[in-house]
Amino acid sequence: MDNNNTPEMNFDAAAHRLADFTGMDVHDVRDAINGLNMFGILCHTVADKCGWWKKDENGEYLPRNKGEMIALMHSELSEALEGVRKNSNDDHLPWLKSEPVELADTCIRIGDYAGRFGFQLGDYAIVKMAYNIQRADHKPEARAAEGGKAF
């Protein structure tokens, strides 16, 4: 694996780096990334059709507070944490555990945000993962060292 850590690393190079690192087929890596990109579009389309995104008389989106939207992502994670703490089932889907339902809600909110603002999360995720696998502070020995990242 090369040490090309420049911000200019392209998505294809990142896909190959992750395929090499994981032993997965590069086509499977690309499928996962494309799936994440499409997930964002799906989440936003559903939220838009459900009326969560208001539009003006010209059909242009009205602004929303990005900080508030990110705080709502946090709130879903906090609900997932409560599911772990209480080992509870979901209030709305009582046959399912609340922890994975709330994690799904987090993903949906992130996907909606990314879809609305045109962020191809899969593309960003693959470059970030390819960068992270070569970081010294992400290696097990660095985490085990004194002062290393505990989690």
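The values are calculated or read from the model by the stated rules, or taken from the named source; none is laboratory data. The structure displayed is predicted, hence computed values, not measured ones. With ideal geometry, Cβ positions are generated from the backbone for all residues, glycine too; neighbour counts draw on all protein chains shown. When the accessible area is computed, the model is the full protein with side chains, heavy atoms only, and any ligands, DNA or RNA have been set aside. Shrake-Rupley method; radii C 1.70, N 1.55, O 1.52, S 1.80 Å.
Yes or no: residue 42 in contact with a helix residue (DSSP H, G or I) (Cβ under 8 Å, 6 or more places away or on another chain) and open to solvent by 90 Å² or more (accessible area, probe 1.4 Å)? I'd like the intermediate steps shown before the answer.
Numbers: in contact with a helix residue (DSSP H, G or I) (Cβ under 8 Å, 6 or more places away or on another chain): yes; open to solvent by 90 Å² or more (accessible area, probe 1.4 Å): yes.
Taking the combined requirement at face value, the residue satisfies it.
Between 141, 82, 102, 57, which is open to solvent by 80 Å² or more (accessible area, probe 1.4 Å), without any contact (Cβ under 8 Å) to a residue 60 or more places away in the chain and over 30 Å from residue 13 (Cβ atoms)? Spell out how you get there, then give the answer.
Numbers: 141 fails: over 30 Å from residue 13 (Cβ atoms); 82 fails: open to solvent by 80 Å² or more (accessible area, probe 1.4 Å); 102 fails: open to solvent by 80 Å² or more (accessible area, probe 1.4 Å).
Every option except 57 fails the conditions.
Please enumerate the residues belonging to the range 105-138 that are farther than 23 Å from residue 72 by Cα and either in a loop (DSSP other than H, G, I, E, B) or open to solvent by less than 50 Å² (accessible area, probe 1.4 Å) (or both).
Of the residues in the range 105-138, the ones farther than 23 Å from residue 72 by Cα are 123, 126-138.
Those that are farther than 23 Å from residue 72 by Cα and either in a loop (DSSP other than H, G, I, E, B) or open to solvent by less than 50 Å² (accessible area, probe 1.4 Å) (or both): 123, 126, 127, 130, 132, 133, 134, 135.
Quickly run through the range 9-50 and pick out the residues that are at pLDDT 95 or above and not in a helix (DSSP H, G or I).
23, 24, 25, 50
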